[in-house]
Amino acid sequence: MPTPLNILQETELSTSAGCVNLSGWLARQTLPFVYLMQPPKKYTFEMPVVKLLTETWCIGKTLNLFAGVTRLNVDEVRNDIDPNAPAEYHLDALEFVNSWNGDKFDTIVFDPPYNLRKAREKYGERYVGSLTKIKQDLPKILKLGGRVISFGYDSIGMSRRRGFKKVAVALVCHSGDHNDTIILLEEYIQPSLSLAG
């Protein structure tokens, strides 16, 4: 896979020759893409097509870090800060990640409340502290070759600098005035990148 520097050099060379030849590179960057239409629900996995896609993408022992109210049909360990949520653990997400001393997970479902409205609806105005810090620490509890399924309004996900590669992307159209949800499937491929400063 080309590095950003190789891409830049290839682009500069092609541009200096009078043409831009990125078609080969773009062909190698193609990810499987899924387009779903689903009216929004208060909790992500109350949406049947999103729940089914997520279950399909999960492998092995799965951590649902912001579990909500709906159980996934997978080998699921559930954490949700809401003490009324049906979960085995009721910890702040960062606290859960840093205190976990069990076996590493094969899959982590990462579906935090990604805006203030969702935080108010689900958690009584408690907002997730630092998603960046949580993402930085997730590799500690994930097997090499494991997966993270991220939900949000952007496609950053876990990112390459943390040792992940994007495997697939889904876009969920909620129709009307609702923002689409982006779901990323990423694989943990290189632990040294996640530990680099």
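Details
- Selection within region 72-93: residues that are modelled with pLDDT of 95 or more and either outside any loop (DSSP other than H, G, I, E, B) or closer than 11 Å to Pro112 by Cβ (or both). The member of this set that is farthest from the chain's Cα centre (by Cα) is Tyr89.
- Residue list for region 32-59, restricted to those being out of contact with any Leu (no Cβ under 9 Å at 6 or more places or on another chain), of a type outside the set (S, T, N, Q) and in contact (Cβ under 8 Å) with a residue 60 or more places away in the chain: Met37, Pro39, Pro40, Lys42, Tyr43, Ile59
- Selection count, region 56-71, where residues are surrounded by fewer than 23 Cβ atoms within 10 Å (Cβ to Cβ) and part of a strand (DSSP E or B): 0
- Of the listed requirements (1) modelled with pLDDT under 90; (2) surrounded by fewer than 15 Cβ atoms within 10 Å (Cβ to Cβ), Glu46 misses just one: (1).
- Members of region 137-183 found to be modelled with pLDDT under 95 and polar (S, T, N, Q), listed by number: Ser155, Ser159, Ser175, Asn179, Thr181
Listed here are the residues, each with its yes/no results for (1) in contact (Cβ under 8 Å) with a residue 40 or more places away in the chain; (2) more than 18 Å from Met47 (Cα to Cα); (3) part of a loop (DSSP other than H, G, I, E, B).
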{"residue": "Arg147", "(1), (2), (3)": "yes, yes, no"}
{"residue": "Gly157", "(1), (2), (3)": "no, yes, yes"}
{"residue": "Lys166", "(1), (2), (3)": "yes, yes, no"}
{"residue": "Val169", "(1), (2), (3)": "yes, no, no"}
{"residue": "Gly176", "(1), (2), (3)": "no, no, yes"}
{"residue": "Asn179", "(1), (2), (3)": "no, no, yes"}
{"residue": "Ile183", "(1), (2), (3)": "yes, no, no"}
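- Hits in region 49-65 (condition: of a type in the set (Ser, Thr, Tyr) and within 14 Å of Phe110 (Cα to Cα)): Thr54, Thr62
The values are calculated or read from the model by the stated rules, or taken from the named source; none is laboratory data. Computed from a predicted structure; not experimentally measured. All Cβ positions, glycine included, derive from the backbone under ideal geometry; neighbour counts span all protein chains shown.
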